[in-house]
Amino acid sequence: MRFKLKSFGEYAVAVLVGAGVSVGGAVIAQQSGTSTPPVPQAQMPSVQLAANQIQSSEPEPQAPVSTSDPDTLVNTALPKQSPQQSSLSALPPLPQPPPSGIGYAVNDEAPVIVYPETDELRDNVVSDIEARQFSPDQQARIKQLYLNRQGARNSPYVNLPNPVTRTLAVNLDPGVSPAVLRLARGQLSSIVFSDTSGNPWVIEEVGLNRTLFSDGSGQSGGAKQKPTNVLTLEPLSPMAYGNVSVTLHGLPTPVIFVLTSGQADVDMRVDAKIPGRNPDAVAKIEVTGMPTIDDDLGYFLDGVPPKTAKRLKVSGFPGSDAWLYKDKMYLRTPGDALYPAYLARARSTSGVSVYRFESKYPNVTVTSNGAAITLSIEG
């Protein structure tokens with residue numbers, strides 16, 4: 001008789017019954033053949049009931065077994081299976097996991113390591129380094145980025161100010177607004193004081209707000225410096241605003257300038273022409289006109305005449321230039337003018353002078369190193 005099992009649980013119970021294990025409360029002894037009292041049928045699960053029905057048939061009596069032979073004892077220790085049990089033992093076995101192969105030698109031979117040649121290895125390393133190098137265009141871009149970063153760090157301004165060198169005619173008359181000096185953070189501006197003859201005018205005292213500007217004498221301004229006619233200023237902030245008062249030796253009126261920073265232009269050097277004569281200058285005999293200074297003289301002294309000025313041709317003395325501006329002739333020369341008489345004169349500390357004449361003259365006599373030289377002017 002063959003039973004059709006409905007689940008894996010019934011299959012397991014049937015196998016345990018064949019092995020002599022307790023099923024439904026009845027334990028089949030492997031040697032003594034005794035069993036424990038059965039459990040009431042009403043309390044058994046359906047799987048155990050099916051197992052008891054398989055075990056209901058009485059096993060056939062067996063002959064006494066000799067215990068002297070171990071093989072006979074092992075083969076006869078379990079009860080004889082019924083036909084139903086034989087049919088259950090014919091069921092296919094449960095699937096087993098595949099073998100892992102751990103612990104078995106795959107290959108008895110040791111691996112052979114082949115090292116490249118030394119020259120080949122070096123060539124590969126050099127080739128790899130060369131492949132990682134930047135191209136000339138990439139190197140130029142990296143350098144430009146570095147320079148841009150350094151420029152942005154060193155300058156507080158978006159656009160760098162344009163450096164300017166100019167001559168400034170100082171007017172000490174009452175009611176006249178002070179001249180403006182344009183400064184820039186990180187750059188030194190030099191103001192050179194001289195009289196109308198170009199003689200240096202020594203500075204006695206400088207007064208300014210040293211929390212905003214620096215003149216090289218420290219915060220207190222008490223540092224002693226050698227007598228000089230040059231004042232060096234630098235703003236301590238990108239956008240500073242204030243003024244400076246300079247007292248010159250022998251001049252009772254202080255020279256005042258308005259100081260500002262952060263402009264489009266920066267005055268790198270300003271030749272400040274003070275009206276009058278420096279009392280410390282060496283006296284000499286000159287044929288001069290009235291010692292006056294106007295703004296036009298400063299333009300020609302800097303070598304940057306107004307756009308409407310007409311340039312004239314000068315010969316006879318190298319380094320001399322002449323212009324016709326507002327019906328007046330302006331002569332820029334390193335010599336001292338003797339004839340004809342001029343109306344105004346301005347002289348720089350470098351020894352170059354600018355003369356303003358009443359009209360255009362074809363010839364002008366100047367002296368240089370004690371020698372008289374005649375200039376020819378055409379145009």
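Here are some notes:
- Residue list for the stretch 295-339, restricted to those being surrounded by 13 or more Cβ atoms within 10 Å (Cβ to Cβ) and of a type in the set (Asp, Glu): 296, 302, 321, 336
- Some residue of the stretch 216-229 being at pLDDT 80 or above and closer than 23 Å to residue 354 by Cβ: yes
- Residues within the stretch 152-169 that are aliphatic (A, V, I, L, M) and under 23 Å from the mean Cα position of the chain (by Cα), tallied: 3
- Any chance residue 234 is more than 36 Å from the chain's Cα centre (by Cα), outside the structural domain of residue 336 (by TED's automatic domain parsing) and modelled with pLDDT of 90 or more: no
- Evaluated against (1) touching a His at 6+ places or on another chain (Cβ under 8 Å); (2) at pLDDT 80 or above, residue 280 falls short on exactly one condition, (2).
Let's see how each residue does on (1) under 22 Å from the mean Cα position of the chain (by Cα); (2) in a helix (DSSP H, G or I); (3) of a type outside the set (Val, Ile, Thr); (4) outside the structural domain of residue 235 (by TED's automatic domain parsing):
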residue	(1), (2), (3), (4)
116	no, no, yes, yes
121	no, yes, yes, yes
128	no, yes, yes, yes
176	no, no, no, no
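- When 207, 242, 186, 198 are checked against the criterion of being among the small types (Gly, Ala, Ser) and in contact with a helix residue (DSSP H, G or I) (Cβ under 9 Å, 6 or more places away or on another chain), 186 stands alone in meeting it.
- Restricted to the stretch 293-374, the set of strands (runs of 3 or more DSSP E) holding at least 1 residues that are under 27 Å from residue 267 (Cβ atoms) comprises 310-315, 321-325, 328-333, 344-347, 353-357.
- Boolean, residue 207 is modelled with pLDDT under 95 and not in a loop (DSSP other than H, G, I, E, B): yes
- Flag if residue 190 is farther than 18 Å from residue 352 by Cβ and either surrounded by 21 or more Cβ atoms within 10 Å (Cβ to Cβ) or polar (S, T, N, Q) (or both): no
- Condition met for residue 154 (surrounded by fewer than 16 Cβ atoms within 10 Å (Cβ to Cβ) and free of Cβ contacts under 8 Å to residues at least 40 places away in the same chain): yes
- Residue satisfying condition, being at pLDDT below 90, of a type outside the set (Val, Ile, Thr) and within 51 Å of the chain's Cα centre (by Cα), within set 301, 343, 338, 259: 301
The values are calculated or read from the model by the stated rules, or taken from the named source; none is laboratory data. What you are looking at is a predicted structure, and each value in this text was computed from that prediction instead of being measured. Positions of Cβ are backbone-derived with ideal geometry, glycine not excepted, and every protein chain shown enters the neighbour counts.
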